[in-house]
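Participant: Sending over a structure as structure tokens; questions will come in a sec.
Just so you know, all these numbers are worked out from the coordinates, no wet-lab data involved. Just so you know, these numbers come straight off a predicted model, no measurement behind them. Note: ideal-geometry Cβ built from the backbone for every residue, glycine included; neighbour counts use all protein chains shown.
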Amino acid sequence: MSESCLGTVVVPVLNEAQGLEYWLADLLVKLENRWQVVVCDGGSVDNTRALLARFPVTVVVSESGRARQMNAGAAVSAGPLLVFLHADTWLPESFNLQMQQFLSGHGLWGRFNVALDHPGRAYSVISWFINRRSALTGVCTGDQTLFMRAEFFHQLQGFTDYPLMEDVDFSLRARKFQAPVCFKGPVITSARRWTKHGVVRTVLLMWWLRLAFRVGVSPQRLHQWYYG
């Protein structure tokens, strides 16, 4: 990591050995030695940790749960910015430039536009609606790669320890201070959830979970519905 460190990229993982080596190599090239990378493992039982040992990253082991893992990574972060990146999401080539622009401005937090990695027309439409929804509501999801000033993250006391919807909860709290900055990017994220369960079913499930959360259904119950 260079002296001109922009911040820390926090990556929560759990049994991500398949494809991790290629993804991490691509990430480090794009970061250009300007970031600390903290990978937070939630108890992988595959080859994830052995693969991580080959790369110049900091590995933190925590209890499983994306919110817990991301908070654990943020606790050992360095630099003025925090970026929370999923291990199936690819940063744009312009990432460093965009983060420098963010750092030189007055924004507190933000997200990228997202594109699903599937050539089908339906997936382009889904991506458009995800980005449009976030633009209108100020509510962002982890697939859109949340970034923020580290001091703002700590001011909000990090992610609430929810098993699901921790990203939506953070957005709802953060937007009370400022609307999110948006960079067009886009970040490219895996469409595996949509291809595995079907586009219509997944869209309906996402909307149902979000509505249920907003009317007070507990994240624990939502987690059971989502993964049950």
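Participant: Given the Cα-Cα distance of Arg132 and Asp161 and 0.36 nm per residue of separation, how much length would full extension add, in nm?
Facilitator: Stretched out fully, the Arg132 to Asp161 stretch lengthens by 7.7 nm.
Participant: To the nearest 0.05, what FRET efficiency results for Lys184 and Val45 with a Förster distance of 30 Å applied to their C-beta separation?
Facilitator: Calculated transfer efficiency: 0.20.
Participant: While we're looking at this one, here's another question. What percentages make up the Cα-Cα pair-distance distribution of region 130-203 when the bins are 10 Å wide from 0?
Facilitator: 16, 47, 30, 7
Participant: Further question: Any idea how far the Cα center of region 12-52 sits from the one of region 62-134, in Å?
Facilitator: 15 Å
Participant: May I pose another question? Share of Cα-Cα pairs in region 7-192 beyond 25 Å, in percent?
Facilitator: That fraction is 29 percent.
Participant: Counting other beta carbons within 10 Å of each residue's own, what order do Asp88, Asp167 fall into, fewest first?
Facilitator: Starting with the residue having the fewest Cβ neighbours, the order is Asp88, Asp167.
Participant: Let me see the P(r) profile for region 162-206: every Cα-Cα distance counted, bins of 5 Å, each bin given as a percent of all pairs.
Facilitator: 5, 15, 14, 18, 26, 16, 5, 1
Participant: Fewest first, what order do Phe95, Phe183 take by the number of other Cβ atoms within 10 Å?
Facilitator: Values: Phe95 26, Phe183 21.
Fewest to most other Cβ atoms nearby, the residues stand as Phe183, Phe95.
Participant: Out of residues 5 or more away from Leu81 or on other chains, whose amide H comes under 5 Å of its own, with H placed 1.01 Å from N in the peptide plane?
Facilitator: Close amide H contacts, sequence-distant or interchain: Gly7, Thr8, Ala150.
Participant: So between Leu28 and His154, what do we pick up on full extension, going 0.36 nm a residue minus the alpha carbon distance?
Facilitator: Numbers: separation 126, 0.36 × 126 = 45.36 nm, distance 2.56 nm.
The span from Leu28 to His154 would gain 42.8 nm if fully extended.
Participant: Run lengths n ≥ 4 of DSSP H only: what is the helix-derived mean residue ellipticity at 222 nm for the chain, with -39500 (n - 2.57) per run over all residues, to the nearest 500?
Facilitator: Working: 10 runs with 99 residues, N = 228.
That comes out to -12500 deg cm²/dmol.
Participant: Going by how many other beta carbons lie within 10 Å of each one, how would you line up Ser171, Ser190, Ser124, Ser4, fewest first? Don't skip to the end; give the middle numbers.
Facilitator: Values: Ser171 22, Ser190 17, Ser124 13, Ser4 9.
By the 10 Å Cβ count, ascending: Ser4, Ser124, Ser190, Ser171.
Participant: Just tell me the longest site-free run in the chain, where the sites are trypsin sites (Lys or Arg not before Pro) in a DSSP loop having at most 13 other beta-carbon atoms within 10 Å.
Facilitator: Formally, the longest exposed-site-free interval is 55-175.
Participant: For the pair Ala78 and Val200, how long in nm is the line joining their label points, each one 7 Å along Cα→Cβ?
Facilitator: Going by the 7 Å Cα→Cβ label model, 5.3 nm.
Participant: So how much slack lies between Val61 and Arg173, counting 0.36 nm per residue of separation and subtracting their Cα-Cα distance, in nm?
Facilitator: Computed gain between Val61 and Arg173 is 37.6 nm.
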